[in-house]
Amino acid sequence: MHVNEENQAPSSDETKIVAAAPSGSEPSRRDFLKRASILTLTIPGAGAMLTACTPEDAATAGEHGMTSGERTGGAAATQLPANAPPLRRYDPVLPPLSSERTLRLHWRANEAPVRISEDRVVNGWTFEGDIPGPVVHCRVGDTVEFTLTNDGIVPHSMDFHAARVDPKVAFRSVAKGESVTFRFTPKYAGAFMYHCGTAPVLMHIGAGMFGAIIVSPRTPLPPAKEFVLVQSEYYFGDPVDGVIQFDFNRMLTTMPDVVCFNGRPGQYIREPLRVKVGDRVRFWVVSAGPNHISSFHVVGEQFETVYLGAPPGNAIHGVQTFSVPAGGGMVFELVCDVPGEFPFVNHSFGHGEKGSVGLLVVEP
Amino acid sequence: MHVNEENQAPSSDETKIVAAAPSGSEPSRRDFLKRASILTLTIPGAGAMLTACTPEDAATAGEHGMTSGERTGGAAATQLPANAPPLRRYDPVLPPLSSERTLRLHWRANEAPVRISEDRVVNGWTFEGDIPGPVVHCRVGDTVEFTLTNDGIVPHSMDFHAARVDPKVAFRSVAKGESVTFRFTPKYAGAFMYHCGTAPVLMHIGAGMFGAIIVSPRTPLPPAKEFVLVQSEYYFGDPVDGVIQFDFNRMLTTMPDVVCFNGRPGQYIREPLRVKVGDRVRFWVVSAGPNHISSFHVVGEQFETVYLGAPPGNAIHGVQTFSVPAGGGMVFELVCDVPGEFPFVNHSFGHGEKGSVGLLVVEP
Amino acid sequence: MHVNEENQAPSSDETKIVAAAPSGSEPSRRDFLKRASILTLTIPGAGAMLTACTPEDAATAGEHGMTSGERTGGAAATQLPANAPPLRRYDPVLPPLSSERTLRLHWRANEAPVRISEDRVVNGWTFEGDIPGPVVHCRVGDTVEFTLTNDGIVPHSMDFHAARVDPKVAFRSVAKGESVTFRFTPKYAGAFMYHCGTAPVLMHIGAGMFGAIIVSPRTPLPPAKEFVLVQSEYYFGDPVDGVIQFDFNRMLTTMPDVVCFNGRPGQYIREPLRVKVGDRVRFWVVSAGPNHISSFHVVGEQFETVYLGAPPGNAIHGVQTFSVPAGGGMVFELVCDVPGEFPFVNHSFGHGEKGSVGLLVVEP
């Protein structure tokens, strides 16, 4: 791999393929890169097509990238907290619609430790204890009756992008122990983001308070295996008692440590999405940010349809990659004619390498 | 808030919500973050939905973020210049069309101090003394007869994105005291950028030489309250006699100090856009950059229509957020069925926090 | 231009137009900026409309920007290697379709020095010895029979975005001396990226293993002068024996040294694309990244048509600028009614200044 900072002995005198660090790199930049590297080298070690390196390379990557405390810097989670929660796969399957036309939701906002990888627990600000919060699924014209109770320390709120309401009232912040209730009727179908709208919004999204509300059109779309992918970023500060704190100032730099789908880097490399040949697959993709687009792409396939606006209209066809803006959502469809293992990636690969990759297995 | 670099006493032992700075942060990164923070913490203190924190939090933010000279770094404007120009709201209302079919414009390019916030005056390179320059409004098929006289020190020029002309001739640079005249007839409707095209273009746009030319279609669009929003970035160098100089090298890093609409961070939080219930609102949005997209979103609403190309065609519907590329423009429409206070934001929130937020008040 | 780090004597006491460096800039940031600056100041010195500064300014830029070893930092190529390959223009003309319906390609992957500018040779990882690799041109429904033989040291592979195949098999990595063969039949027309898909993909794309496969629709598009532009980024490490090594960790920062079309910064400023008045021009634009979008724009023109998905459908009209996502491609058309010299640029100008600019000359 030769992607380490240490210059390694080149394979031959003739061709030097070392990816060298700049000589002028100072401690803090080095520090930043360490954070990046450890994650980068973690991901490729887990997946199929994304680990095409030789066993020797993988061993080297492991040796230099994953086990060396020297490379882990301030973001290292060398010591998990004593009561670390388990690493749980976030279920990407779109939950079924309710037979009721009114969805009654009562959620809690709270601060909670969230396990995002084998060796990292973050101090999340959450909806319902997880990052992202739960997937909401309803239809155009349904009514969502939503209550948020704040069990957290700082004020929180809820902003559904699918709602048409006065934000000053409905999306208002509530203090610890208080609640807010509002209702709305989605007018448009689509993959909508929700998030805490309490200032500074950057901090509340960056700390984990986001998720997806999927609004299906009144007339159902063609039958498909439907998945929800919410891309987001983590910006790490120092851990306190083994729990990584989020760093607002690093969020402002827009240079993330992790970019991932559904809160855990590379989780769907380890435990892929599975469909059958002939299936239509529909990805409801939300870019929660807080800062970056998702350049969504499936390796070995093209999207038959991307809905730029509300489905079933607003469609373009024959697309390799399309950008979902931060705070936005789009719907991507493909028909799985070919069996195999198809990575889905953020093709902005500096961010892809930081965890926004997964695997779609199409079984024969 | 707990977004300061200093570790504050957590609210309880159990839940530590401090957003910690990385231990390895060195002076200059700290310096960068200080610039960012002071602006960030300024904005939320001014608006409605964007300041949902408790009074105690706001006080803390003020104490640690806004009044401490320690946090203001090189970009601080602790001392306004003696003859500081007043802070003036940039009128976002689309000016009416002329009854004439030929628009005759004679503008001056000059270097001028521009007040962009309570405590900041920048050394602008401007069209007509302001950042952005004036809004031009014409129709497809109208003729624009444009003269630029350079009253500045360095050469300047004018590049209208709505023009179809030989840039080597029409957009040529003119030295101090000289003029250039050209005419053009817009072929397409849309929200077009204009800017100084003199090399290095990055510097001329970054120093303030940009604006919007709005081309309405021949057949009028549906009646609406129409606003023009030009998103842009500032990259601060050290002040000279209280006037902030722009820093070309920081422009190259693409990490801005301020991102805002119509040249002043958060101005439409302080003095919102106002419409009535039932109004159709049309935003003509230009991303002047010089570097970044605008992820344009209205909190509590969805866009009925976004015109990706020339209106009235090229429309998509039911959109929460769409990206306007740097150097591009799009048109966003919504119908205000609900009264209330609707923030419009750049949902890339690291940039939103730096000033690209405003407020649309829908009165009953 | 006054864009240097050194404070220069301002032109007058009244108006100080110095673009000052922040006082707190530390060695490494300075180092980064030096890399950026030297390239920036190189480009404007070469083109027509992009060098509208006075001769005096140009001389100053040269004096401070291009000849001073002090400014060149780690990325300087003060000493070309003894056997430096010549600087060759990458032909941007779309190659003609074959009369055969099956395209048989046998390519080599290898590590090779590539001359990307007068003073820079990089240690490329390449397809067929160049960056980008060759342009492939076929039709929807044609068959591409592709063999890759790895003549390089590290494992490599090939991922065609136009293919619908099992990536685990077709896009698998092959070790030195080995080969992989696969065939595919493009279903959709468009400007598709290809690249090495071996982990870490960021490194393989960043080191040069990318290119374009252009798929024309079965029914030909309107006759046009057709060009292929692949935008990409370089991230420089230290040179070894005069050959610049790529730096994986800098790729992760997403802050490039060079952004350019077809592998060489500013090559089409020096040797423009040439067409005649009345010609329709069709740009097949691919953003190879590895990280960034292309905000594609032609100065002095608007695009009659941008195909967001497969042509001839999925078109929008009357567009000044549109973003091509990293890992994506779009098709841009304009009709050259006006003779002149029209720069085509990445309007994210921090990246435009780093080399993603060219010139389209429309001859009378």
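Among residues of segment A:341-358 being of a type outside the set (F, W, Y) and part of a strand (DSSP E or B), the one that is farthest from A:S295 (Cα to Cα) is A:E341.
Scanning segment B:207-254 for residues that are crowded, with 21+ Cβ neighbours inside 10 Å and not in a strand (DSSP E or B) yields B:A207, B:G208, B:M209, B:Y235, B:D247, B:F248, B:N249, B:R250, B:M251, B:L252, B:T254. When we screen A:V361, A:V281, A:V338 for residues that are touching a strand residue (DSSP E or B) at 6+ places or on another chain (Cβ under 8 Å), surrounded by fewer than 24 Cβ atoms within 10 Å (Cβ to Cβ) and outside any strand (DSSP E or B), the only hit is A:V338. Among strands (runs of 3 or more DSSP E) entirely within segment C:90-201, having at least 3 residues that are surrounded by 20 or more Cβ atoms within 10 Å (Cβ to Cβ) singles out C:102-117, C:120-127, C:136-139, C:143-150, C:190-195. Screening the candidates A:V114, A:V144 for the property of being at pLDDT 95 or above, over 29 Å from A:S216 (Cα atoms) and of a type outside the set (F, W, Y) yields one hit, A:V114.
Could you check segment C:235-258 and list, in sequence order, the residues that are free of Cβ contacts under 8 Å to residues at least 40 places away in the same chain and in contact with a helix residue (DSSP H, G or I) (Cβ under 6 Å, 6 or more places away or on another chain)?
Of all residues in segment C:235-258, those free of Cβ contacts under 8 Å to residues at least 40 places away in the same chain come to C:235, C:247, C:249-250, C:253-254.
Passing the criteria: C:Y235, C:N249, C:T254.
Put simply, of A:D241, A:D257 the only residue that is charged (D, E, K, R), within 11 Å of chain B (Cβ to nearest Cβ) and at positive phi is A:D241. Within segment B:78-95, is even one residue acidic (D, E) and in contact with a strand residue (DSSP E or B) (Cβ under 6 Å, 6 or more places away or on another chain)? No, because not a single residue in segment B:78-95 is acidic (D, E) and in contact with a strand residue (DSSP E or B) (Cβ under 6 Å, 6 or more places away or on another chain).
Give the residues of segment B:321-337 that are facing chain C (nearest Cβ under 10 Å) and more than 18 Å from the chain's Cα centre (by Cα), sorted by residue number. If you could, list the steps in order and put the result at the bottom.
We begin by selecting, within segment B:321-337, every residue facing chain C (nearest Cβ under 10 Å); these are B:323-330.
None - no residue of segment B:321-337 is facing chain C (nearest Cβ under 10 Å) and more than 18 Å from the chain's Cα centre (by Cα), so the list stays empty.
Counting only residues that are without any contact (Cβ under 8 Å) to a residue 60 or more places away in the chain and assigned to a strand (DSSP E or B), segment B:321-335 holds 6 of them. Annotation: of all residues in segment C:298-320 being part of a loop (DSSP other than H, G, I, E, B) and more than 9 Å from chain A (Cβ to nearest Cβ), the one that is farthest from the chain's Cα centre (by Cα) is C:P312.
To keep it simple, each residue is scored yes or no on (1) in contact with a Phe, Trp or Tyr (Cβ under 8 Å, 6 or more places away or on another chain); (2) within 11 Å of chain C (Cβ to nearest Cβ); (3) in contact (Cβ under 8 Å) with a residue 60 or more places away in the chain; (4) not aromatic (F, W, Y).
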residue: B:T147; (1), (2), (3), (4): yes, no, no, yes
residue: B:N150; (1), (2), (3), (4): no, no, no, yes
residue: B:K168; (1), (2), (3), (4): no, yes, no, yes
residue: B:S173; (1), (2), (3), (4): no, yes, no, yes
residue: B:R183; (1), (2), (3), (4): yes, no, no, yes
residue: B:Y188; (1), (2), (3), (4): no, yes, yes, no
residue: B:M193; (1), (2), (3), (4): yes, yes, yes, yes
residue: B:I205; (1), (2), (3), (4): yes, yes, yes, yes
residue: B:M209; (1), (2), (3), (4): yes, no, yes, yes
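Within segment C:256-270, the presence of a residue that is assigned to a strand (DSSP E or B) and farther than 21 Å from C:S117 by Cβ is excluded. Is it the case, given these coordinates, that A:F246 is within 16 Å of the chain's Cα centre (by Cα), within 11 Å of chain B (Cβ to nearest Cβ), of a type outside the set (S, T, Y) and farther than 25 Å from A:V144 by Cα? In short, yes.
Only residues that are within 19 Å of B:G358 (Cβ to Cβ), touching a Ser or Thr at 6+ places or on another chain (Cβ under 7 Å) and not hydroxyl-bearing (S, T, Y) were counted in segment B:314-328, giving 1.
The values are calculated or read from the model by the stated rules, or taken from the named source; none is laboratory data. Computed from a predicted model, the values in this text were never measured in an experiment. Quick reminder, even Gly has a Cβ in these numbers, built from the backbone with ideal geometry, and neighbours come from all protein chains shown.
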